[in-house]
Amino acid sequence: MTFTYQFTLSSTTSSPDISRFSLPCKFDQLASAYPEFYHELDGLKKRMRKGHDNDRSSTQTLSSQVNHSFNAALTRALLHNHFGLHMPSLPEGRLCPPVPNRCNYVAWLKQLVLSNSTDLYRFCNAGDASQNQYRGIDIGTGVSAIYPLLLTTSLFAKCSKLSCNDTQSTKWKFLATDIDPVAIESASKNVHANQLQDEISVALVEQSPSSSTGNVARGPLFAAMEVAKKESMFNQVEDADAKQNDELGVGNYPKFDFVLTNPPFYATVEEVITPRAGDKRSRTDISINEGVYSSANVESEGGEVGFIEAIIHDSSFFQHHVTWYTSLIAKRSSLDSIYQKLQSVEGIWGNRGQIRTVEFQQDNIYEENGERKKKEHNARVRWGIAWSFERAVGRVRSCMVRGGLQSFVVSIPVSDDVIDAVNEVSSRLITYFDGVRDLSLKCIDEYREPNADGTTNGSVKERCITVIEKRFSGASTARHEQDNTNLPHEGHFVMDAFVSIKNTHQNSSDNVDVEVCLEMFAHTTYGMMLVNKIRGQMPGEIGRTNRRWRRLLKRQLASSCSSPPSCKS
């Protein structure tokens, strides 16, 4: 048995994508293979029985009897059983990572990084993409260093699809940082236990959120970058941007494909030591360094929102030195707050192609009577966010408009050749686009292969009318005073209208049904408004069934009659 992973794009523009990870976890099988876990599971069962004997009316749950020793033993068993990883050091009083949740984040992150070549016009190439080499930073790696360890396993390192059989492996190199000496010592032990010290560099950094250089506040990413430029593993190769980087003050820093972090959840120490509101249990084992972030800026929040905002501030300085900046998020309200913050960051300005949000769901897989079953899904949902300063391509899948009108059918009077019906509908589309009120649009008429799922499938090319704003057509439109400068070359939106015969048979009224399928991509709120404006009128205009066309056709019919009596029918 192994894990399963499924990624689903959001069906609306306002909700996150779904990343679903399933990891088999059967306690009896793990106990038979791992003596440490057998001992801890036996102790858990005894505590449950003792609690029930002392108070038979008690409704104690399994989680109320779980301690750090049990969690550590389970984590070690799962990591070794599924990924061949050793984790000898998980000291008490420090956070013990839940494996399925961490795997989910890593699987989504890998997919994000490997999509650079199709989703972005350019990206860092921090390693050597042609050799499947990538580099990343783990900010706050903790005592386990679980994220870089997971990304170096063979299950995650094989090619772009987690389930493929390609023998070419993806090679990752990491800088794992932390402000806690205990975490660094422990993480180093785990890295060496897996003989990955040549792939993962573990480094202690100073906590200095209140220091600054010029007008740029130094946050967690700055601290990591200061260490990175001294590490030989991340020596920077000269590139085409070297001169510009020197002018911006970032020339000495190495480049990375991604940054990941699991930020401190709490804003104050009191939140950590206060028992849970529901069952009054103590909080999960966690140190102050792991669990608390208090912003030095009185106007900023603490906790995970404040920590991620500090990284956003740093990312505005480094910008193109990292392709994707990412973070795990514990609360949906924090996700909304961070997303709102990114709407006003210069170089991003809320471009949907440069901001990704995701909801992490974990399923529980178990076996019953030899049959594999899945329990959907546990209640511990987490979220993630990613942002980039790189320009997204016009037809990036994350910007595809999935709600509302997606296709419509137009009936055309039959002729000797059905292709004439396709040409007629295409001509009507061009006429409509040219005449949309208060908009100047450019049409491109060509034959293209529909590509709604982001992959070519060898289907027959169809007549396609592509429409964008005219001001974004041509080489002289890279910048517009009223727009942000990091839009795709196509502008705020791009719409493809594919025209094809719905079926080869005539319908009952001797007409041929022609189908118009829309593939629409909106990168901004303004682009979404334009898409809705354009497509909302299309069925009536192209089918000539709206009030305007009914009146026009009625006048044409009246003027074409040579004698009124002959037109009564």
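The values are calculated or read from the model by the stated rules, or taken from the named source; none is laboratory data. It should be emphasised that the depicted structure is a prediction, and the values quoted were computed from it without experimental measurement. Every residue, glycine as well, gets a Cβ built from its backbone with ideal geometry; the counts of neighbours run over all protein chains shown. Heads up: the accessible areas ignore ligands, DNA and RNA and are worked out on the full protein's heavy atoms, side chains in. Shrake-Rupley method; radii C 1.70, N 1.55, O 1.52, S 1.80 Å.
At a glance:
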quantity: Among (1) over 28 Å from Tyr147 (Cα atoms); (2) at pLDDT 95 or above - the single one Ser58 does not satisfy; calculated: (2)
quantity: Any hit, region 526-544, residues being modelled with pLDDT under 90 and either of a type in the set (Ser, Thr, Tyr) or under 30 Å from Arg391 (Cα atoms) (or both); calculated: no
quantity: In region 1-19, residue modelled with the highest pLDDT [restricted to those that are more than 12 Å from the chain's Cα centre (by Cα) and assigned to a loop (DSSP other than H, G, I, E, B)]; calculated: Phe3
quantity: Residue that is farthest from Tyr121 (Cα to Cα) [pool: residues in region 320-352 that are among the aromatic types (Phe, Trp, Tyr) and modelled with pLDDT of 90 or more]; calculated: Tyr339
quantity: Failed item in (1) out of contact with any helix residue (DSSP H, G or I) (no Cβ under 8 Å at 6 or more places or on another chain); (2) open to solvent by 40 Å² or more (accessible area, probe 1.4 Å), with Val422 passing the rest; calculated: (2)
quantity: Some residue of region 418-437 being under 35 Å from the mean Cα position of the chain (by Cα), assigned to a loop (DSSP other than H, G, I, E, B) and at pLDDT below 95; calculated: yes
quantity: Unique match (being assigned to a helix (DSSP H, G or I) and either among the aromatic types (Phe, Trp, Tyr) or modelled with pLDDT under 90 (or both)) among Ser569, Ser559; calculated: Ser559
quantity: First in region 404-433 and within 20 Å of Met520 (Cβ to Cβ), second anywhere and assigned to a strand (DSSP E or B) and of a type in the set (Lys, Arg), Cβ under 7 Å, 6 or more apart; calculated: Ser426/Arg463
quantity: Single unsatisfied condition, Leu162 versus (1) of a type in the set (A, V, I, L, M); (2) modelled with pLDDT under 85; (3) farther than 18 Å from Thr4 by Cβ; calculated: (3)
quantity: Filter result (at pLDDT below 90, closer than 26 Å to Phe265 by Cα and basic (Lys, Arg)) within region 375-393; calculated: Arg380
quantity: Unmet criterion (only one of (1) within 30 Å of the chain's Cα centre (by Cα); (2) at pLDDT below 90) for His492; calculated: (2)
quantity: Qualifying position, being part of a helix (DSSP H, G or I), closer than 22 Å to Gln207 by Cα, modelled with pLDDT of 70 or more and open to solvent by less than 70 Å² (accessible area, probe 1.4 Å), among Phe317, Phe258; calculated: Phe317
quantity: Options Ser415, Ser411, Ser407, Ser426: the member that is more than 20 Å from Pro450 (Cα to Cα) and touching a strand residue (DSSP E or B) at 6+ places or on another chain (Cβ under 6 Å); calculated: Ser411
quantity: Single residue of region 498-556 satisfying the filter (assigned to a loop (DSSP other than H, G, I, E, B) and charged (D, E, K, R)) that is least open to solvent (accessible area, probe 1.4 Å); calculated: Arg544
